[in-house]
Amino acid sequence: MNPQNQAKLRRDIAAAGSAAIARNGYATTIDVLLGTGWVRPERVKEWRRGRVPYPEQVMVASLPKISAAMRAFRTWAESAGLRPSETVYVSWTRDRRRLRFSKSGNSNIERAYRTHWLPPKPDANSGGD
């Protein structure tokens with residue numbers, strides 16, 4: 001990815017992450033990929049309903065681009081002082097089975113997708129004066 005495209009991707013990731021925090025109080029990789037337009041909301045719903053095996057299958061970006069976006073998201077979240085919180089994703093089906101995110105099923109990739117990024121905890125020593 002050329003430097004110009006990387007810079008645009010970082011801007012898009014930051015905008016999508018900031019919008020997700022404003023809307024939800026946290027940001028996820030799925031939020032960011034929705035924000036880039038690389039996956040459509042209806043496709044995410046199909047995955048949550050068990051009709052798509054993993055979101056990577058229905059994304060319009062290549063796996064290297066998705067990996068670059070995930071790295072940019074983590075870098076942005078860490079530089080913004082956000083706190084990682086790993087979350088379990090289960091299907092919206094009766095069996096409530098755990099959802100898979102990636103084709104490979106690699107535990108590091110799955111963990112990166114499952115991580116929600118939360119705003120920093122308020123500092124107990126700053127009494128707000």
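The values are calculated or read from the model by the stated rules, or taken from the named source; none is laboratory data. Note that the structure is a prediction, hence the values are computed from the model and not measured. Positions of Cβ are backbone-derived with ideal geometry, glycine not excepted, and every protein chain shown enters the neighbour counts.
For residues in segment 106-129 being modelled with pLDDT of 95 or more and farther than 20 Å from TRP76 by Cβ, which is surrounded by the most Cβ atoms within 10 Å (Cβ to Cβ)? Within segment 106-129, the match that is surrounded by the most Cβ atoms within 10 Å (Cβ to Cβ) is GLU110. Scanning segment 57-72 for residues that are surrounded by fewer than 18 Cβ atoms within 10 Å (Cβ to Cβ) and outside any helix (DSSP H, G or I) gives VAL60, ALA61, SER62.
Pick from segment 1-46 the residues that are among the polar types (S, T, N, Q) and assigned to a helix (DSSP H, G or I): which of them is nearest to the chain's Cα centre (by Cα)? Among those residues, the one meeting the criterion is THR29. Checked against (1) more than 20 Å from PRO41 (Cα to Cα); (2) touching a residue at least 40 places away in the same chain (Cβ under 8 Å); (3) under 13 Å from the mean Cα position of the chain (by Cα), PRO84 passes all but condition (2). THR29 fulfils the conditions (1) touching a strand residue (DSSP E or B) at 6+ places or on another chain (Cβ under 8 Å); (2) surrounded by 14 or more Cβ atoms within 10 Å (Cβ to Cβ); (3) over 25 Å from ARG11 (Cα atoms) except for a single criterion, (3). Would you say ARG48 is farther than 24 Å from ASN2 by Cβ, out of contact with any helix residue (DSSP H, G or I) (no Cβ under 8 Å at 6 or more places or on another chain), modelled with pLDDT of 95 or more and surrounded by fewer than 19 Cβ atoms within 10 Å (Cβ to Cβ)? Yes: the conditions hold for ARG48.
Figure legend. Inter-residue proximity from segment 8-20: first residues under 14 Å from LEU34 (Cβ atoms), second residues among the charged types (D, E, K, R), beta-carbon distance below 9 Å, spacing 6+ or different chains. Indicated pairs: ALA16/ASP31; GLY17/ASP31; ALA19/ASP31; ALA20/ASP31.
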